[in-house]
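Novice: Submitted below is the structure of interest, expressed as structure tokens.
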Amino acid sequence: MNDITADKAATAPGAAHYTLWQLVRYMLGLGTWGFGGPVALVGYMYRDLVETRKWIPESDYKEGMTLAQLMPGPLAAQLAIYLGYVNYRIVGATLVGLAFILPSFFMVVALGAVYVAYGGIAWMQAVFYGVGAAVIGIIAMSAYKLTTKNIGKDKLLWAIFLASAAVTVITQSEIVWVFLGAGVLVWLWRAPPKAWFGGGVHGVAAPLAGWFALDTIDWHKLGQIWRSCRSSTAASSRSTAGSPIGSSSTRSRWR
């Protein structure tokens with residue numbers, strides 16, 4: 001740690017002064033007692049570091065979230081490492097990352113050993129089922145809070161969010177081109193490079209969005225689903241036609 005980084009931490013707009021060891025202690029506690037998975041943990045970071053303690057400016061937090069979401073790997077750990085890097089560079093990122101990750105690592109190893117030894121016990125299976133249900137609730141609340149905080153009332157971002165969610169549900173996978181395309185689309189819509197398009201970016205953004213959407217849909221899979229639905233409908237029709245209710249002799253008796 002040096003005086004320059006310490007001064008930066010003290011004078012960052014909207015942020016209170018904090019030391020590297022305060023951040024390390026916080027991440028050590030969050031890595032030990034934090035519950036609910038990556039989405040819940042990044043929600044706790046926003047609540048504690050941005051809203052309550054005001055150590056991290058919201059702009060730095062959102063920038064870290066963006067980079068952590070774009071990169072492969074654990075979301076919460078990457079955000080923690082970035083927050084350690086903001087004011088304390090490599091040393092801060094290393095210490096914060098170790099403090100956040102090591103408690104979970106040791107707990108998973110211990111729980112794995114216990115589960116292997118006593119996993120057949122009914123009460124332990126019930127505990128795991130209960131934990132799963134609690135985690136779903138925590139993730140849902142954290143996802144709602146993060147979505148409303150980051151998107152707010154921006155109609156363009158809501159439209160992109162809903163479109164990305166629909167593509168993810170349909171394809172049952174997270175496609176990087178969808179998220180990259182969303183970023184390019186917002187860039188072209190909000191800050192059009194006039195030297196390229198002469199300001200007529202809206203006519204370029206719409207086809208670009210359509211191209212990304214069409215390119216990411218698994219048309220072969222959708223075709224299989226459509227053919228399966230048609231086959232089921234045809235089988236149902238044949239079954240109805242061949243049943244006693246649908247036969248001509250039965251119909252004549254009911255006339």
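The values are calculated or read from the model by the stated rules, or taken from the named source; none is laboratory data. What you see is a predicted model, and the numbers here were worked out from it, not measured in a lab. Cβ sites come from the backbone with ideal geometry, for glycine too, and all protein chains shown count toward neighbours.
Novice: Can you name the number of the only condition in (1) within 24 Å of Trp21 (Cβ to Cβ); (2) not in a helix (DSSP H, G or I) that Gly73 fails?
Specialist: So the condition that Gly73 fails would be (1).
Novice: Just a yes or no: is a residue in segment 163-173 closer than 21 Å to Gly37 by Cβ and not in a helix (DSSP H, G or I)?
Specialist: Looking through segment 163-173, at least one residue is closer than 21 Å to Gly37 by Cβ and not in a helix (DSSP H, G or I).
Novice: Quick check on my filter: what residues within segment 20-36 are among the small types (Gly, Ala, Ser) and either in a helix (DSSP H, G or I) or more than 18 Å from Phe106 (Cβ to Cβ) (or both)?
Specialist: Those that are among the small types (Gly, Ala, Ser) and either in a helix (DSSP H, G or I) or more than 18 Å from Phe106 (Cβ to Cβ) (or both): Gly29, Gly31, Gly36.
Novice: Next question, about the same structure. Based on this model, can you work out whether Ile90 counts as out of contact with any Phe, Trp or Tyr (no Cβ under 7 Å at 6 or more places or on another chain) and exposed (fewer than 14 other Cβ atoms within 10 Å of the Cβ)?
Specialist: So Ile90 passes the test.
Novice: Quick check, is Ala143 within 24 Å of the chain's Cα centre (by Cα), assigned to a helix (DSSP H, G or I) and surrounded by fewer than 11 Cβ atoms within 10 Å (Cβ to Cβ)?
Specialist: Against the criterion (within 24 Å of the chain's Cα centre (by Cα), assigned to a helix (DSSP H, G or I) and surrounded by fewer than 11 Cβ atoms within 10 Å (Cβ to Cβ)), Ala143 does not qualify.
Novice: Something else: Which one is modelled with the lowest pLDDT among residues in segment 81-93 that are at negative phi and over 24 Å from the mean Cα position of the chain (by Cα)?
Specialist: If we filter segment 81-93 for residues that are at negative phi, which is where we start, we get 81-88, 90-93.
Of the ones still in play, those that are also over 24 Å from the mean Cα position of the chain (by Cα) are 87-88, 90-92.
Values: Asn87: 86, Tyr88: 91, Ile90: 93, Val91: 94, Gly92: 93.
Ranking the candidates gives Asn87 first.
Novice: OK, next. What number of residues within segment 101-123 are surrounded by 14 or more Cβ atoms within 10 Å (Cβ to Cβ) and either without any contact (Cβ under 8 Å) to a residue 40 or more places away in the chain or not assigned by TED's automatic domain parsing to the domain that holds Leu28 (or both)? Quick ask: steps written out before the conclusion?
Specialist: Taking segment 101-123 as the starting set, the residues that turn out to be surrounded by 14 or more Cβ atoms within 10 Å (Cβ to Cβ) are 101, 103-104, 115.
From the residues that got through so far, the ones that are either without any contact (Cβ under 8 Å) to a residue 40 or more places away in the chain or not assigned by TED's automatic domain parsing to the domain that holds Leu28 (or both) too are 115.
Qualifying residue count, segment 101-123: 1.
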